[in-house]
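Engineer: Let me give you the structure first, and then I'll get to my questions.
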Amino acid sequence: MDKLFLQLNVCTELIEKLTNLESLNKFCATFHEFATKLKNFLPKTEVDGYSKIHVETIYLCFTQIITCITQLERTINLEESLGATGGTHLLLTRTHFRDRIEWCLRRLQASIYQLNEEAIASTSVKLEDLSFVELLDLALDKLESYSDIVEQDDNFNAEDHLQLVGQVNHIVRHALAFANVALESDKKALIAICETVVDESAAFEKNFEKYNRNERKLEALSLQRALYSVETYLNEALLRLIFSSLGEATYVSELKNAFQQSDSSIDLDKLICDFDINVDRIQQIGVFAIAFTQDVKTKTIIRSCLASLESLDACIVPAFQFQATSAASYHADILENHFKEELVTFRNVVHEIIDSRALLNNYLDILDESIDNAAKLYPKGHLLKVTQMGNVLFEHFQLKVNCQELKDSAEGQRLHQDFIAILRECQAVLDVSIRVDLKRIVKRLKIFYSVLAKLRDLCDRLVYQRSVCNNEKPMTTSTKLKNFSHSFHNLERENTIVNKSLNSLNHESDLLSFHLTEILRIS
């Protein structure tokens, strides 16, 4: 253990003295040696509690360090090619990524130390360290026991009851945190549902001691239904937010170009506000994506993307504001490209988590509502925005893991091509400057809806056929993310059948001196 800490200190000293590619290579070589030894120290089996938190933090720090090394290499190469003209702005770029590496090294030291403490293994995790899904699991499991009259005991455990109340409170906090960045219509609905949960929880807590078994069962069922309502609506609102926020990643470029143009007609404050809202929404999407996946590598990639975007959030706007010199423009370009790269990686991983049928169903609902209200929504601005949301579906089916089954069948290939063609046609007819008759627009939107409905039905059949081949229980279409699902009607929870393996994720990075996935291969 002491040797690990000593080597980590050497890594810290090397990164502090970073000046050129030679010193960066030296850091990489030392860090590679440290990482190889650390791998042997990490638990070989799955761990729970605080140990799990610290192991996940270690994976996050390694991924962030690799990301920053790649950016540092680009920055140093650019500095060397520009020479003295690089100025202080590229020094700011280098400092930004170096500081992030130093922060990760400090976090690594703290997590390794905590893992080495025997007391950690026996310490229970705090509720605030649990995800929305984990909290919901705990609360619903406890309510199941209250609902089972046979297993109930009149001498209830007061401590367990207090834990349940705490779990429900934290579930509401997660839901309200999401509501804070959700679309306006979803925000109001989620807040109303959370108020119902709080009321049901308060009634359950107040009357628990004096209620008999039957009364307690009814109260438990009522609270269960309220929690299922939160979960169901949050899943649907999350998909709607994905359509709204994970389309084209051009808004960061628009913000950068707006500062360059210095056009008085451009509302820079609004652009900055929209940028901040988008970053907040991406953070919340990421938080729930982490909660909905069990794959450690996937969690690490998402956490790393969120950490990168969060670190950029504080410095990217100031970088855009000061682009008076070529060096300042290079600084802004590096940060902009880094933001885009992390966003694309994040978007692709999220698309690998989301169930295709859930995404199709959600968009079909959006499209159906837009068709029904087309006359009220004209002029074309809203309808164009709705069709541009279809780009999210286009990106979803661009990934091999999502489109492979479609391409394996002639019908799937045809429907996929029909979808792309009608999507582009709808966007084109709404984006032209001349006025187009509303009936023609609605007709194309209805054709678009029909093609997507057929695509959704085909996905349903493919999942059914695969489940039959694998002797699995067929699952009805859900409007939820695929790794977590609850059946409201019978109040029985079951894991969603995974229609594609997360093990197919292949996020390999070309590193300056070593390859992270080889060092920290998760067995």
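Engineer: Roughly what would the spin-label model give for Ile420 and Asp276, points 7 Å off Cα along C-beta, in nm?
Structural biologist: Each label point is offset 7 Å from its Cα along the Cβ direction, giving 4.0 nm.
Engineer: While we're here: Taking the Cα centre of segment 356-468 as origin, sum charge times position over the Cβ atoms of Lys and Arg (+1) and Asp and Glu (-1), and report the length of that vector in debye to the nearest 20.
Structural biologist: 280
Engineer: While we're looking at this one, here's another question. Under a 1.4 Å probe, what is the accessible area of segment 356-468 per residue, stated in Å²?
Structural biologist: I get 49 Å² per residue for segment 356-468.
Engineer: For a quick protection proxy, order the peptides 187-193, 296-302 by their average other-Cβ count within 10 Å, most packed first.
Structural biologist: Result, highest mean first: 296-302, 187-193.
Engineer: Between Ala110 and Asp313, what is the FRET efficiency for a Förster distance of 25 Å, r being their Cβ-Cβ separation, to the nearest 0.05?
Structural biologist: Calculated value: 0.60.
Engineer: What's the FRET efficiency of Ser222 with Ser23 using the Cβ-Cβ distance as r and R₀ = 45 Å, to the nearest 0.05?
Structural biologist: The pair Ser222/Ser23 has a calculated efficiency of 0.10.
Engineer: I'd like the Karplus ³J(HN,Hα) series for segment 193-204: coefficients 6.51, -1.76, 1.60, θ = phi - 60°, whole numbers in Hz, and an x wherever there's a Gly or Pro.
Structural biologist: Couplings: 5, 5, 4, 5, 4, 4, 5, 5, 5, 5, 5, 4 Hz.
Engineer: Below 13 angstrom from the Cβ of Asp431, what's the summed charge of the other residues (Lys, Arg +1; Asp, Glu -1)?
Structural biologist: Net charge in that neighbourhood comes out at +4.
Engineer: Fully extended, how many nm does the chain gain between Glu205 and Ser450 (0.36 nm per residue separation, minus their Cα-Cα distance)?
Structural biologist: Fully extending the segment from Glu205 to Ser450 adds 83.3 nm.
Engineer: Between Asp368 and Lys3, what is the label-to-label distance in nm when each label sits 7 Å out along the Cα-to-Cβ direction?
Structural biologist: Using points 7 Å along Cα→Cβ, the separation is 6.4 nm.
Engineer: Give the relative contact order (percent, whole number) for segment 356-468; include only Cα pairs under 8 Å separated by 6+ residues.
Structural biologist: Dividing the mean separation by the residue count of segment 356-468 yields 38 percent.
Engineer: What length, rounded to one decimal in nm, is gained on full extension from Leu176 through to Glu33, with 0.36 nm per residue of separation minus their alpha-carbon distance?
Structural biologist: Working it through step by step, the gained length comes to 47.1 nm.
The values are calculated or read from the model by the stated rules, or taken from the named source; none is laboratory data. Keep in mind the model is a prediction, meaning the values are calculated, not measured. We place every Cβ from the backbone using ideal geometry, glycine too, and count neighbours over all the protein chains shown. Just so you know, the surface numbers come from the protein's heavy atoms only, side chains and all, with ligands and any DNA or RNA stripped out. Shrake-Rupley method; radii C 1.70, N 1.55, O 1.52, S 1.80 Å.
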